[in-house]
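A.B. asks: For reference, the structure I am asking about is given below.
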Amino acid sequence: MAGPAALSERVVEFLSAGTRTGMLGYVAADGRPLVAPVWFVVDQGELAFNTGRDTSKGRALHRDPRVVMCVDDPHPPYSFVQVQGVATVSEDPAEVLDIATRTGARYMGADRAEEFGRRNSVPGELVVRLRPTKVIAGFDISD
């Protein structure tokens with residue numbers, strides 16, 4: 001498996017802009033590739049998001065931590081970032097609450113951050129961190 005890859009400043013800026021949703025690719029128990037939308041934040045050079053331990057994503061990441069996330073800007077001049085990597089999972093309550101609250105602030109607004117943090121940090125919720133091993137970016141594709 002490839003070693004760590006750093007997220008450049010431009011990639012972090014792109015990934016963190018607005019409320020772009022990440023499309024997470026992972027492997028089902030029978031080997032099928034699956035994709036699911038996730039809300040995420042960039043945290044210490046990794047992409048971090050919450051999911052339930054017993055969800056399709058949660059179960060899959062315990063079996064096979066290899067994942068990919070693609071984030072795009074569907075408006076001209078069109079851009080995308082694909083982050084391939086390895087997922088680590090934590091059930092640490094403080095970490096789950098931190099990421100859930102920060103994700104809530106990003107996607108629902110600062111005034112609802114605590115509400116979403118509490119809602120998404122109940123027992124059985126996980127923090128998933130995608131540690132990049134390869135980053136592919138295409139900026140301003142149609143220019």
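The values are calculated or read from the model by the stated rules, or taken from the named source; none is laboratory data. A quick note: this is a predicted structure, and the numbers were derived from the prediction, not measured. When the accessible area is computed, the model is the full protein with side chains, heavy atoms only, and any ligands, DNA or RNA have been set aside. Shrake-Rupley method; radii C 1.70, N 1.55, O 1.52, S 1.80 Å.
A.B. asks: Tell me the carbon and sulfur percent of the accessible area for the stretch 41-143, rounded to whole percent, probe radius 1.4 Å.
C.D. replies: Carbon and sulfur: 51 percent of the exposed surface of the stretch 41-143.
A.B. asks: Please work out which option in (i) 54; (ii) 22; (iii) 40 gives percent of Cα pairs over 26 Å apart calculated from these coordinates, and answer with its label.
C.D. replies: Among (i) 54; (ii) 22; (iii) 40, the one derived from this structure is (ii).
A.B. asks: Next up: For the stretch 23-54 and the stretch 69-111, what is the centre-to-centre distance using only Cα atoms, to the nearest Å?
C.D. replies: If you average the Cα positions of each part, the centres end up 9 Å apart.
A.B. asks: Still on this structure, please answer the following. In square angstrom, what is the accessible area per residue of the chain with a 1.4 angstrom probe?
C.D. replies: Ligands and nucleic acids excluded, the figure is 53 Å² per residue.
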